[in-house]
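As structure tokens, the structure follows; a few thoughts come after it.
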Amino acid sequence: MRVVEHAALRTLNTFGIVASARFLVRAGNTADLLEAQDFAGARSLPLMVLGGGSNVVIAGDLDAVVVIPDLCGMTVERDQNDLVIEAAAGENWAEFVQRTIDVGACGLENLAAIPGSVGAAPIQNIGAYGVELERFVEHVELLDLATREEKLLSCAQCEFAYRDSRFKRRTNEIVTRVRLRLASQFEPMVDYPGVREELAAMGIAPSPRSVHDAITAIRWRKLPRPDVLGNAGSFFKNPILDAAQKDALLAVAPAAPIYAHGGAYKTSAAWLIDVCGLKGFALGRAAVHRDHALVLVNLGGATGAEVLALAAHIRDVVHARLGVVLEPEPRVLHTDQQR
Ligand SMILES: Cc1cc2nc3c(=O)[nH]c(=O)nc-3n(C[C@H](O)[C@H](O)[C@H](O)COP(=O)(O)OP(=O)(O)OC[C@H]3O[C@@H](n4cnc5c(N)ncnc54)[C@H](O)[C@@H]3O)c2cc1C
């Protein structure tokens with residue numbers, strides 16, 4: 001394993017937050033991950049996992065051993081009409097999706113161009129354009145730091161839900177490998193608003209490649225590129241409401257968008273933030289993007305504390321005016337015991 005002391009993290013998180021890690025370790029295999037755990041234990045420091053840094057807010061310098069699982073590799077097996085594909089945690093998700101299309105596998109095209117690593121994809125059950133990762137997961141391999149054993153969890157054991165999984169509640173499990181079952185026959189999933197129109201504008205019939213390219217084009221037209229304006233994509237989950245909460249929201253905001261979600265209702269966090277007049281609102285060097293109410297951005301030099309203060313302000317305003325509690329998507333990394 002490779003260790004750097006007092007490592008700068010600014011280029012390792014898409015918010016571009018300036019912070020450092022007491023130690024940064026790149027682990028190329030499971031033995032390295034265990035060695036990183038021992039290294040942290042010997043110094044009485046917590047061990048924290050970082051993938052591509054596209055779904056974290058780093059709240060200050062981390063007095064910790066930050067480990068990046070740099071495990072690589074991908075395998076493809078044919079099983080009747082399916083392709084069973086495994087990828088190691090350190091692979092780049094967006095590149096992995098392209099490689100699955102190259103080998104003739106269908107399904108991941110709607111999850112094109114999501115930043116980050118394969119290993120982090122199960123953490124919040126990544127989703128986009130009407131598709132969530134859980135639909136394809138056969139199992140997830142992990143290293144359990146409590147027992148120091150490698151384990152294999154079935155899809156059901158991962159407890160996937162909307163932007164959620166068991167991994168959000170357990171910090172002692174490092175995902176090392178993901179096994180997905182993908183189809184060889186293409187069934188386009190192009191009902192999400194804008195996808196058909198983009199394909200029509202491109203003048204191409206739906207195929208895994210064309211849907212991938214159409215969604216990539218839509219995404220980068222809509223979202224600010226993190227290398228230009230630091231951000232972590234959507235900052236808040238779309239709230240899930242029960243019937244009473246939905247009625248209470250409609251009583252104060254009759255135009256609020258409401259969608260069926262299982263036995264409950266989903267509303268749009270972006271709409272709620274926008275209707276509260278917060279688009280473009282800035283607090284210090286963090287701001288709500290002027291065109292995308294759901295995207296918080298680093299205007300330059302923002303600290304994690306500034307991003308979190310802005311997020312707290314948005315939560316408070318939306319709750320006070322509309323009675324809905326917003327829940328953040330990104331994870332907060334900190335070593336401050338007060339938090
Ligand atoms: C421009 C932009 C667009 C985005 N669009 C989407 C989208 O459409 N849909 C979506 O779902 N998300 C989206 N995201 C969020 C993000 O890309 C995903 O959540 C992604 O899966 C995070 O991967 P990462 O490797 O960067 O994880 P990190 O940000 O490094 O880590 C996220 C969390 O996972 C933990 N973690 C990371 N790797 C592992 C591992 N191997 N084992 C255990 N824990 C681990 C970390 O400790 C942290 O708590 C977007 C982000 C950006 C910047």
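Given the Cα-Cα distance of Ser154 and Arg321 and 0.36 nm per residue of separation, how much length would full extension add, in nm?
Fully extending the segment from Ser154 to Arg321 adds 55.9 nm.
Which value, in nm² and rounded to one decimal, describes the direction-averaged projected area of the C-alpha convex hull of segment 2-69?
For segment 2-69, averaging the hull's shadow over all directions gives 4.0 nm².
How many nm separate the modelled label positions at Val84 and Ala8, each set 7 Å beyond the Cα in the direction of the Cβ?
Result for the modelled spin labels: 4.6 nm.
Test of understanding: ordering Tyr192, Tyr259, Tyr265 by Cβ neighbours within 10 Å, fewest first, what list do you get?
Ranked by crowding around the Cβ, least crowded first: Tyr259, Tyr192, Tyr265.
In debye, nearest 20: dipole of the chain around its Cα centre with unit charges on the Cβ of K, R (+) and D, E (-)?
Roughly 840 debye for the chain.
Considering the options Val131, Asn81, Ala120, tell which one lies farthest towards the positive end of the dipole of segment 1-159, charges being +1 on Lys and Arg and -1 on Asp and Glu at the Cβ, about the Cα centre.
Final value for the positive-end residue is Ala120.
Where does segment 74-222 land on Rg(C-alpha)/(2.2 N^0.38 Å)?
Segment 74-222 yields a ratio of 1.06.
Over the C-alpha atoms of the chain, what are the Rg and the largest Cα-to-Cα span, Dmax, in Å?
20.4, 60
Place a point 7 Å from the Cα of Asp291 along the Cα-to-Cβ direction; which residues of segment 210-226 have their backbone N under 12 Å from it?
It comes to 218-225, nothing else.
Need one word for segment 213-297: rounded, prolate or oblate. Basis is the Cα gyration tensor (sqrt eigenvalues a ≥ b ≥ c); a/c below 1.5 gives rounded, then a/b vs b/c decides.
It comes out oblate by the Cα gyration axes.
Can you tell me the relative contact order of segment 74-222? Whole percent, Cα pairs under 8 Å, sequence separation 6 or more.
28
Could you list which residues have their amide H under 5 Å from that of Leu83, counting only those 5 or more apart in sequence or on another chain, with H placed in the peptide plane?
HN-HN under 5 Å from Leu83: Leu182, Ala183, Ser184.
In nm, what is the difference between 0.36 nm times the number of residues separating Ala255 and Asp336 and their Cα-Cα distance?
Full-extension gain reported as 25.0 nm.
Quick one: net charge around His292, please, counting Lys, Arg +1 and Asp, Glu -1 for every other residue with C-beta under 14 Å from its C-beta.
With Lys, Arg at +1 and Asp, Glu at -1, the neighbours total +3.
Please compare each pair in Lys168/Lys222; Lys222/Lys279; Lys168/Lys237; Lys246/Lys266; Lys237/Lys279 to a cut-off of 19 Å on the Cα-Cα distance and tell me which ones are over it.
Pairs exceeding the cut-off: Lys168/Lys222.
For the chain, modelled as a GNM with alpha-carbon contacts under 10 angstrom, which of Glu91, Glu327, Glu109 fluctuates the most?
Judging by the Gaussian network model, the answer is Glu327.
Quick check on the chain: helices-only [θ] at 222 nm, where DSSP H runs of length 4 and up contribute -39,500 (n - 2.57) each and the sum goes over total residues. Nearest 500, please.
-7500 deg cm²/dmol
Under 8 Å for C-alpha pairs, at least 6 residues apart: give me the relative contact order for the chain, rounded to a whole percent.
After rounding, I find 17 percent.
So what J values fall out for segment 201-217 if you push phi through Karplus, 6.51 cos²θ - 1.76 cosθ + 1.60 with θ = phi - 60°, rounded to Hz, Gly and Pro as x?
5, 7, x, 10, 6, x, 8, x, 5, 5, 5, 4, 5, 5, 5, 4, 5
Read-outs throughout are calculated quantities, based only on the coordinates presented, and are distinct from any laboratory measurement. Source: prediction; values computed, not measured. Every residue, glycine as well, gets a Cβ built from its backbone with ideal geometry; the counts of neighbours run over all protein chains shown.
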